[in-house]
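Visitor: Could you have a look at this structure, given as structure tokens, before my questions?
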Amino acid sequence: MSQINKLKIFNDPIYGFITIPNALIYDLVQHPYFQRLRRISQMGLSYLVYPGANHTRFHHALGCMHLMQKAVEVLRFKGVSISPEEENALYIAILLHDIGHGPFSHAMERSIVEDVHHEEISLLFMNQLNVEFNGQLNLAIQIFKGEYDRKFMLQLISSQLDMDRMDYLKRDSFYSGVAEGNVNSERLIQMMNVVDDFLVIEEKGIYSVEKFLMSRRLMYWQAYLHKTSLVAELILMKVLKRAKELTLKGVQLPCSEPLLFFMQNKITMENFDTTTLDLFSQLDDFDIISALKAWQRQDDFILSSLSKMIVNRDLLKIKLTSEKVSLEEMQPLKERFAAENNITLLETNYFIFKGKIKNQAYSKEAEPIRILKKDRTVEDVIESSDQLNLKSLSKLVTKYYICFPKQLVEMNI
């Protein structure tokens, strides 16, 4: 195929046309590992709350690369030297930053691929692609791992104000219809600069940063931690846990081969070899959804009940509170549910459980967002801001929840 045919454009509903800058990036996008992201939803089960939220991680990865192109353009215009090799490495690193996500990744990470984080899998994919592309991803991997000496490059990929967050807030807000999340990524990028090898935002962009942090906080409460999205993800986690438990007891459950492999084996970073990676690359949302559809008809009461809940969107009841839920409060619920459904008290943990969620829009512990003042000094955005709300945005907010079947609602809890 000629080089010319590889300079494609994508039509994106948010940014308009996204261009593929060169043949290497075209070949990476075309690779089955990357194409898999078309079959992985960006917002997991949030479409059960926001019917439009059906966009994919493929969409998001291309959007991040587009923003990175804009950032490179702005920084070069301001005199920051970025070589063609560094530029390409930045595009590759941001394009592949989420390639390790599995289907409904947070639910999977907490149930059947328990001990391996998606960022570690992203790195495994990158290393494998680097072998296939004869070392052309070396610099991208170095930057991604934070081993490259120019710190600001990692900040563009992974920080409290990176291309990843800028794209997913704007994109998720667009597709879910939650207008509060809409951030002005164009202006934020225009305000970027580099001082002493750190990414900074020029002082006149401070209100855009405040709006960005506020949008992030609101998107967490309204979309990512929306109680229905939360309970759906928790149920999915329980389904996968139960399926794994039954499989390990020798029960044969209908599902795809890749999914069966992860249910039959305990996967850790030590045994995550190329065969495991290949099987992981065959997993997507369709494996999970088709398994849930089949599991609705299984004899196991727990597995079939929980699968039906997600397929038919008839979920457990979830209550959020600012106080911890005590085990004593849950005991009568468990006893009644166990008696009514002829299951053990231990098995009621699949239907009646508690936990907590946290939201912190800005972390004082992490790498700060730096503001470049007019006198050329640099300070943390919290110090620069005249808004008291930024101080409160850095406060960790914790909420507690309890989930239980709807038929227990009439019991006063």
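Visitor: Being over 11 Å from F404 (Cβ atoms) and part of a helix (DSSP H, G or I) is the filter here, so list the residues in the stretch 333-348 that pass it.
Guide: Applying the first criterion (over 11 Å from F404 (Cβ atoms)) to the stretch 333-348 yields 335, 338-347.
If the condition is that a residue be over 11 Å from F404 (Cβ atoms) and part of a helix (DSSP H, G or I), then E335, A338, A339, E340, N341, L346, E347 are the ones that fit.
Visitor: Additional query: Quickly run through the stretch 171-182 and pick out the residues that are more than 14 Å from the chain's Cα centre (by Cα) and either of a type in the set (A, V, I, L, M) or under 16 Å from H55 (Cβ atoms) (or both). Before you say what the answer is, go through the steps one by one.
Guide: Initially, the stretch 171-182 is screened for residues more than 14 Å from the chain's Cα centre (by Cα), giving 173-182.
Answer for the stretch 171-182, where residues must be more than 14 Å from the chain's Cα centre (by Cα) and either of a type in the set (A, V, I, L, M) or under 16 Å from H55 (Cβ atoms) (or both): S173, F174, Y175, S176, G177, V178, A179, G181, N182.
Visitor: Just to check your reading of the model, which residue among H106, H118 is within 25 Å of S229 (Cβ to Cβ) and without any contact (Cβ under 8 Å) to a residue 24 or more places away in the chain?
Guide: Details: H106 fails: without any contact (Cβ under 8 Å) to a residue 24 or more places away in the chain.
Going through H106, H118 in turn, just one is within 25 Å of S229 (Cβ to Cβ) and without any contact (Cβ under 8 Å) to a residue 24 or more places away in the chain: H118.
Visitor: Same structure again: If you go through the stretch 307-326 one residue at a time, how many are more than 16 Å from L408 (Cβ to Cβ) and either in contact (Cβ under 8 Å) with a residue 12 or more places away in the chain or outside any loop (DSSP other than H, G, I, E, B) (or both)? Before you say what the answer is, go through the steps one by one.
Guide: Going through the stretch 307-326, the residues more than 16 Å from L408 (Cβ to Cβ) turn out to be 307-308, 310-313, 320-324, 326.
Narrowing further to those that are either in contact (Cβ under 8 Å) with a residue 12 or more places away in the chain or outside any loop (DSSP other than H, G, I, E, B) (or both): 307-308, 310-311, 313, 320-324.
Selection size over the stretch 307-326: 10.
Visitor: Can you find even one residue in the stretch 153-170 that is without any contact (Cβ under 8 Å) to a residue 60 or more places away in the chain and farther than 16 Å from D197 by Cα?
Guide: Within the stretch 153-170, one or more residues are without any contact (Cβ under 8 Å) to a residue 60 or more places away in the chain and farther than 16 Å from D197 by Cα.
Visitor: Which of the residues that make up the stretch 165-201 are more than 14 Å from L218 (Cα to Cα), among the charged types (D, E, K, R) and open to solvent by 30 Å² or more (accessible area, probe 1.4 Å)?
Guide: E186, R187, D196, D197 - these are the residues of the stretch 165-201 that are more than 14 Å from L218 (Cα to Cα), among the charged types (D, E, K, R) and open to solvent by 30 Å² or more (accessible area, probe 1.4 Å).
Visitor: Return yes when Q35 is surrounded by fewer than 18 Cβ atoms within 10 Å (Cβ to Cβ), at pLDDT below 95 and of a type outside the set (A, V, I, L, M, F, W, C) and no when it is not. Steps first, please.
Guide: Details: surrounded by fewer than 18 Cβ atoms within 10 Å (Cβ to Cβ): yes; at pLDDT below 95: no; of a type outside the set (A, V, I, L, M, F, W, C): yes.
Here the answer is no, as Q35 does not meet what is asked.
Visitor: From the list E383, E365, pick out the single residue that is out of contact with any strand residue (DSSP E or B) (no Cβ under 6 Å at 6 or more places or on another chain), acidic (D, E) and either assigned to a loop (DSSP other than H, G, I, E, B) or modelled with pLDDT of 90 or more (or both).
Guide: Values: E383 fails: either assigned to a loop (DSSP other than H, G, I, E, B) or modelled with pLDDT of 90 or more (or both).
Of E383, E365, the one residue that is out of contact with any strand residue (DSSP E or B) (no Cβ under 6 Å at 6 or more places or on another chain), acidic (D, E) and either assigned to a loop (DSSP other than H, G, I, E, B) or modelled with pLDDT of 90 or more (or both) is E365.
Visitor: Turning to a different aspect of this structure: Please work out which residue is most open to solvent (accessible area, probe 1.4 Å), limiting yourself to the stretch 39-89 and to residues that are within 13 Å of F104 (Cα to Cα) and charged (D, E, K, R).
Guide: Looking at the filtered set, the residue picked out is R39.
Visitor: For Y50, are the conditions met, namely being touching a helix residue (DSSP H, G or I) at 6+ places or on another chain (Cβ under 8 Å), assigned to a loop (DSSP other than H, G, I, E, B) and among the hydroxyl-bearing types (S, T, Y)?
Guide: Numbers: touching a helix residue (DSSP H, G or I) at 6+ places or on another chain (Cβ under 8 Å): yes; assigned to a loop (DSSP other than H, G, I, E, B): yes; among the hydroxyl-bearing types (S, T, Y): yes.
Yes, satisfied.
Visitor: Ok, one more. Here are L62, L90: which of them is among the hydrophobic types (A, V, I, L, M, F, W, C) and touching a strand residue (DSSP E or B) at 6+ places or on another chain (Cβ under 8 Å)?
Guide: Testing whether each residue is among the hydrophobic types (A, V, I, L, M, F, W, C) and touching a strand residue (DSSP E or B) at 6+ places or on another chain (Cβ under 8 Å) leaves just L62.
Visitor: Something else about it: Could you please let me know if L24 is in a helix (DSSP H, G or I), out of contact with any Leu (no Cβ under 6 Å at 6 or more places or on another chain) and more than 25 Å from T274 (Cα to Cα)? Walk me through how you get there before you give the answer.
Guide: Numbers: in a helix (DSSP H, G or I): yes; out of contact with any Leu (no Cβ under 6 Å at 6 or more places or on another chain): yes; more than 25 Å from T274 (Cα to Cα): no.
The answer is no for L24.
Visitor: Let me ask you something else. Scan the stretch 128-145 for residues that are open to solvent by 40 Å² or more (accessible area, probe 1.4 Å) and under 17 Å from Q35 (Cα atoms) and jot them down.
Guide: Q128, E132
Visitor: Now, a different point. Would you confirm whether or not the stretch 356-365 contains a residue that is exposed (fewer than 15 other Cβ atoms within 10 Å of the Cβ) and aliphatic (A, V, I, L, M)? Steps first, answer last, please.
Guide: Of the residues in the stretch 356-365, the ones exposed (fewer than 15 other Cβ atoms within 10 Å of the Cβ) are 356, 358, 363-365.
If we keep only those that are aliphatic (A, V, I, L, M) too, we end up with none.
No, the stretch 356-365 contains no residue that is exposed (fewer than 15 other Cβ atoms within 10 Å of the Cβ) and aliphatic (A, V, I, L, M).
Visitor: Here is a further query. Taking the stated definitions as given, is R313 under 23 Å from the mean Cα position of the chain (by Cα), over 13 Å from M108 (Cα atoms) and surrounded by fewer than 16 Cβ atoms within 10 Å (Cβ to Cβ)? Don't jump to the end; show me each part of the working.
Guide: Values: under 23 Å from the mean Cα position of the chain (by Cα): yes; over 13 Å from M108 (Cα atoms): yes; surrounded by fewer than 16 Cβ atoms within 10 Å (Cβ to Cβ): yes.
Yes: the conditions hold for R313.
Visitor: Of everything in the stretch 31-59 that's among the aromatic types (F, W, Y) and free of Cβ contacts under 8 Å to residues at least 60 places away in the same chain, which residue is farthest from Q128 (Cα to Cα)?
Guide: In the first step, residues of the stretch 31-59 are kept if they are among the aromatic types (F, W, Y); the result is 33-34, 47, 50, 58.
Checking the rest, the ones that are also free of Cβ contacts under 8 Å to residues at least 60 places away in the same chain come to 47, 58.
Details: Y47: 33, F58: 19 Å.
Checked the stretch 31-59; the qualifying residue farthest from Q128 (Cα to Cα) is Y47.
Visitor: Against the condition touching a residue at least 24 places away in the same chain (Cβ under 8 Å), open to solvent by 30 Å² or more (accessible area, probe 1.4 Å) and hydrophobic (A, V, I, L, M, F, W, C), how does F125 come out, does it pass? Give the derivation first.
Guide: Details: touching a residue at least 24 places away in the same chain (Cβ under 8 Å): yes; open to solvent by 30 Å² or more (accessible area, probe 1.4 Å): no; hydrophobic (A, V, I, L, M, F, W, C): yes.
No: the conditions fail for F125.
Visitor: Which ones in the stretch 250-273 are in contact with a helix residue (DSSP H, G or I) (Cβ under 7 Å, 6 or more places away or on another chain) and touching a residue at least 24 places away in the same chain (Cβ under 8 Å)?
Guide: Selection gives L253, P254, C255, S256, P258, L259, M263, I267, M269, F272.
Visitor: If I filter the stretch 124-146 for residues that are at pLDDT 95 or above, part of a loop (DSSP other than H, G, I, E, B) and either basic (K, R) or in contact with a His (Cβ under 7 Å, 6 or more places away or on another chain) (or both), do I get at least one hit?
Guide: Yes, the stretch 124-146 contains at least one residue that is at pLDDT 95 or above, part of a loop (DSSP other than H, G, I, E, B) and either basic (K, R) or in contact with a His (Cβ under 7 Å, 6 or more places away or on another chain) (or both).
Visitor: Out of the stretch 349-362, which residues are outside any strand (DSSP E or B) and at pLDDT below 90?
Guide: Taking the stretch 349-362 as the starting set, the residues that turn out to be outside any strand (DSSP E or B) are 349-352, 360-362.
Answer for the stretch 349-362, where residues must be outside any strand (DSSP E or B) and at pLDDT below 90: Q360, A361, Y362.
Visitor: Okay, moving on. Quick check on the stretch 386-413: of everything there that is open to solvent by less than 40 Å² (accessible area, probe 1.4 Å) and more than 19 Å from V325 (Cα to Cα), which residue is modelled with the highest pLDDT?
Guide: Applying the filter and picking the extreme gives S394.
The values are calculated or read from the model by the stated rules, or taken from the named source; none is laboratory data. Since the structure is predicted, the reported quantities are computational estimates derived from the model, not experimental observations. Quick reminder, even Gly has a Cβ in these numbers, built from the backbone with ideal geometry, and neighbours come from all protein chains shown. Accessible surface areas use protein heavy atoms only, side chains included; no ligands, DNA or RNA. Shrake-Rupley method; radii C 1.70, N 1.55, O 1.52, S 1.80 Å.
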